[in-house]
Amino acid sequence: MDNFCRDRHVTDCPYSPMDCELEGFRFCRRVVGLDRVSSTNDHARKLATECPDAVGTLVVADCQTQGRGRSDHSWHSPAGGGIYASLIVNPVVSPERATFVTLAAGLALHRALAEFLDTNPNLDVKWPNDILLDDRKLAGILVESSMRDGEMSWLIIGIGINVSQVEFPAEIRNRAVSLAQATGRQLSRHDILLRVLGHLDHGLDVLESGDFQTLRRDWESVSSFARGRKVKFFENGRPVMGITCGLKDDGALLVYTRQEQTVAVYGGEIFEY
Ligand code: BTN
């Protein structure tokens with residue numbers, strides 16, 4: 001426990017001098033910077049479980065050896081290639097509204113990355129958490145939580161952004177993209193992360209205030225998947241096809257199916273067809 005709780009955020013943060021700029025954030029107050037870790041989400045989970053003051057900690061790493069995505073996917077995390085960061089936050093919403101945390105994080109990422117991509121308008125958010133550029137994955141979010149007696153104890157918001165990669169492994173080459181590939185420039189992870197944290201701080205503020213309407217509207221305005229997209233998803237192992245028709249008031253994606261019913265999708269993958 002002592003190892004995890006030791007205050008070592010200033011000297012070994014790979015995005016130094018991050019420590020001074022953290023003063024302005026409400027939800028992110030300190031950084032644990034690591035060269036190499038299995039997964040920043042796993043490290044954050046350990047911190048949250050073992051350290052009483054872990055809320056407000058951002059775990060960042062230069063490289064992950066077992067970076068994880070949703071649905072048991074792995075997340076390509078080479079040293080120096082991307083941003084791998086996990087923020088521990090207090091439950092800002094009730095468990096029924098937990099999807100909104102992912103949506104708020106997606107919106108924050110979209111807003112932050114748009115600032116670095118002013119010449120490329122094809123930045124999109126695919127429900128619930130894929131940040132796409134020209135239909136390729138630029139960033140993703142993995143939100144995990146701990147439940148006790150029906151209440152959430154804490155949330156971990158894991159953020160992965162492809163920043164500097166000029167090449168991806170063959171199996172994801174056609175599906176992934178980095179900021180370096182998109183802009184032809186090597187951007188500073190420090191600068192990007194600060195923008196992300198700024199927008200995330202704002203989004204979590206909005207969530208905590210209970211203004212889900214604003215979040216819903218803002219998310220729908222940046223996602224081409226929110227309405228009118230032909231999608232396929234799986235319900236109890238069976239494929240269902242339909243057209244997206246906005247977000248439900250709890251953050252689920254609404255789909256008007258071929259069977260002429262509006263259904264709410266809460267998890268799993270959405271495929272286009
Ligand atoms: C997804 O799109 O499926 C989510 C990808 C999330 C990747 C990030 S990288 C930092 C954090 N640590 C992990 O192991 N995963 C998340």
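The values are calculated or read from the model by the stated rules, or taken from the named source; none is laboratory data. Predicted model only: the values in this text are computed from it and were never measured. Here Cβ is always computed from backbone atoms with ideal geometry, including for glycine, and neighbour counts include all displayed protein chains. The protein model used for the area step is the full one, side chains on, heavy atoms only, and it has no ligands, DNA or RNA in it. Shrake-Rupley method; radii C 1.70, N 1.55, O 1.52, S 1.80 Å.
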> Along the three principal axes, how long is the stretch 182-273 when you take its alpha carbons, biggest first, rounded to the nearest angstrom?
Replying inline: 48, 38, 22
> Which residue, chosen from LEU215, LEU200, CYS245, occupies the Cα position most advanced towards the positive end of the dipole of the stretch 190-252, where the dipole is computed from +1 (Lys, Arg) and -1 (Asp, Glu) charges on Cβ about the Cα centre?
Replying inline: CYS245
> Taking only pairs that are 8 or more places apart or on different chains, how many Lys pairs in the chain have Cα atoms under 26 angstrom apart?
Replying inline: 9
> What accessible area, in Å² to the nearest ten, does a 1.4 Å probe give for ARG30?
Replying inline: 70
>> Just to compare against my own numbers: the Cα pair-distance distribution for the stretch 101-208, 10 Å bins, whole % per bin, please.
In response: 14, 45, 29, 10, 2
>> Suppose a student asked you for the relative contact order of the chain, using Cα pairs under 8 Å spaced at least 6 residues apart; what percent would you report?
In response: 15
>> Could you work out the relative contact order of the stretch 96-170? I mean the mean sequence separation of Cα pairs under 8 Å and 6+ apart, divided by the number of residues, in percent.
In response: 23
> Average projected area of the Cα convex hull of the stretch 127-188, in nm²?
Replying inline: 5.8
>> For a quick check: with amide H placed at 1.01 Å from N, whose amide H comes under 5 Å from ASP62's, ignoring anything fewer than 5 positions away on the same chain?
In response: LEU34, ASP35, ARG36
> If one takes the longest principal axis of the Cα atoms in the chain, at what angle in degrees, from 0 to 90 and to the nearest 10, does the Cα axis of helix 189-209 lie?
Replying inline: 60
> What number comes out for the charge environment of ILE172, summing +1 per Lys or Arg and -1 per Asp or Glu over other residues with Cβ under 11 Å away?
Replying inline: +2
>> Show me the trypsin sites (Lys or Arg not before Pro) within the stretch 198-273 that DSSP assigns to loop and that have at most 15 other Cβ atoms within 10 Å of their Cβ.
In response: ARG258
> Tell me, what are the semi-axes, in whole angstrom and largest first, of the equivalent ellipsoid of the chain as set by the roots of 5 times the Cα gyration tensor eigenvalues?
Replying inline: 29, 22, 17
> Between the helical axis of 212-222 and the dominant principal axis of the chain, each derived from Cα atoms, what acute angle in degrees is found, rounded to the nearest 10?
Replying inline: 80
>> Output the 0 to 90 degree angle, nearest 10, between the alpha-carbon long axis of helix 40-50 and the longest principal axis computed from the alpha carbons of the chain.
In response: 70
> Mind listing P(r) for the stretch 119-160? All alpha-carbon pairs, 5 Å bins, whole percents.
Replying inline: 6, 21, 20, 16, 13, 10, 8, 5, 2, 0
